[in-house]
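One structure is given below, encoded as structure tokens.
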Amino acid sequence: MIKKLLIITLIISSFLTYHNTYHLKNLEIESFIINKGEPAFKVIDNLAKQKIISSPHFTKVLFALYAFFTNASIKHGEYEFKGKFNLKLIIRKITQGEIKINFVTIPEGLTNKQIIQILNNLPKLTGNIEIPIKEGSILPETYDYTLGDTRTNLLSRMIKSQQSFLNINSSILPSYITKYEELLTLASIIEKEAKVNEEREIISSVYHNRLKINMILQADPTLIYDIRRGEDFNYILTRKDIELNQSRYNTYKFAGLPPTPICNPGKASIIAALKPASTYYLYFVSQNNGEHYFAKNLTEHLENVRKYRSSQAASNKANK
């Protein structure tokens, strides 16, 4: 009996191969969805509607025989048919559950609000976010997901990814950084200040040097985070903001790190916070091109500020 089944299965498989050898179709179907519990014959009709197959009646008979002798069943999910396919390859794909993998990239430096908005805008995910999230606890990178995955599960994976990254890259914290949440807070400030990768460790060294001597950090992004409620950083601070704001995020008034991270830092900024460059710098100011001038003392810094303002004035004049 078993031998007979094997022979029949081989005949069906050979027929499929023979029938389709000269019927390869170049498909560009990015999304074909099979719903849970959907009857096989309806799936085949839908394959025909999307022009993935051309002979639904023949396919139904063939699939019924194939399923009977191989105990194969169609797996629900989202499928992608891109490239050359024949009937044998199509049946194999949907019975082996070769479902489509989707990807979402979380950029470095986004706040929790911004990341949740990205997840809420992904129509293939389901459910609401049902877990508490601390600012700075998500690792920005590219994540895969499939149709029907929940937003909560995907977000949980993002949080676990950061925990794993911290565990792998753990090292002894300096005395002025007592826990990893503070390390992430520092990394988040570096993330918002560093515009070029080559400067991350140097910017980190400035903040480390200030923390060592209990010097206020004077970081614009921390106060902007508080003023804009973590929704965006496209805001230019005014003197009035600095003078009137009494939040602990006002690092122009309060020494030490702010209460929480101000965004979700990427791997490079976390590493920079752990391993700052060895410098004596205490100040930095923009060069108006993404890079910064660095200074060891206030005299040097004021000269750099003069250079920045001169560069900014020239740029404004050129744009008029």
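The values are calculated or read from the model by the stated rules, or taken from the named source; none is laboratory data. For clarity, every value in this text was computed on a predicted model and none was experimentally measured. Cβ sites come from the backbone with ideal geometry, for glycine too, and all protein chains shown count toward neighbours. Accessible surface is based on the protein model in full, side chains and every heavy atom, while ligands, DNA and RNA are left aside. Shrake-Rupley method; radii C 1.70, N 1.55, O 1.52, S 1.80 Å.
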Normalised alpha carbon radius of gyration of the chain [divisor 2.2 N^0.38 Å]
1.47
Show me the ranking of peptides 232-238, 270-276, 88-94 by mean Cβ neighbours inside 10 Å, starting with the highest.
270-276, 88-94, 232-238
7 Å from Cα along Cα→Cβ at both Lys82 and Ser175: what's the point-to-point distance in nm?
5.6
Hey, which lysines would be in cross-link range of Lys253, C-alpha to C-alpha under 23 Å, not counting anything within fewer than 8 residues on its own chain?
Lys179, Lys192, Lys212, Lys240, Lys296
Zone of Gln246 (label point 7 Å along Cα→Cβ, backbone N under 20 Å): which residues in segment 194-235?
223-229
Nearest 10 degrees is fine. How inclined is helix 2-20 to the longest principal axis of the chain, computing both from alpha carbons?
70
Pairwise label distance in nanometres, Ile236 with Lys42, each label 7 Å out on the Cα-Cβ vector:
6.0
Once the Cα atoms of helix 180-193 and of the chain are each reduced to a long axis, what angle between those two axes, in degrees from 0 to 90 to the nearest 10, is obtained?
80
Relative to the chain, whose Cα atoms define the longest principal axis, helix 87-96 and its Cα axis are tilted in degrees, nearest 10, by 60
Normalised contact order of segment 34-90, rounded percent, pairs of Cα under 8 Å and 6 or more residues apart:
45
Shape call for segment 212-267 from the C-alpha gyration tensor, a ≥ b ≥ c root eigenvalues: rounded (a/c under 1.5), prolate (a/b greater than b/c) or oblate?
oblate
Keeping all protein chains in the complex and leaving out DNA, RNA and ligands, what accessible area do you get for Arg157 with a 1.4 Å probe, in Å² to the nearest 10?
90
The FRET efficiency for Ser311 and Gln50, from their Cβ-Cβ distance with R0 = 45 Å and rounded to 0.05, is 0.20
Rounded percent of accessible protein surface that carbon and sulfur make up, the chain, 1.4 Å probe
54
When we measure straight from the Cα of Lys82, which lysines land under 27 angstrom away, once same-chain ones fewer than 8 places off are left out?
Lys25, Lys36, Lys42, Lys49, Lys51, Lys60, Lys93, Lys100, Lys124
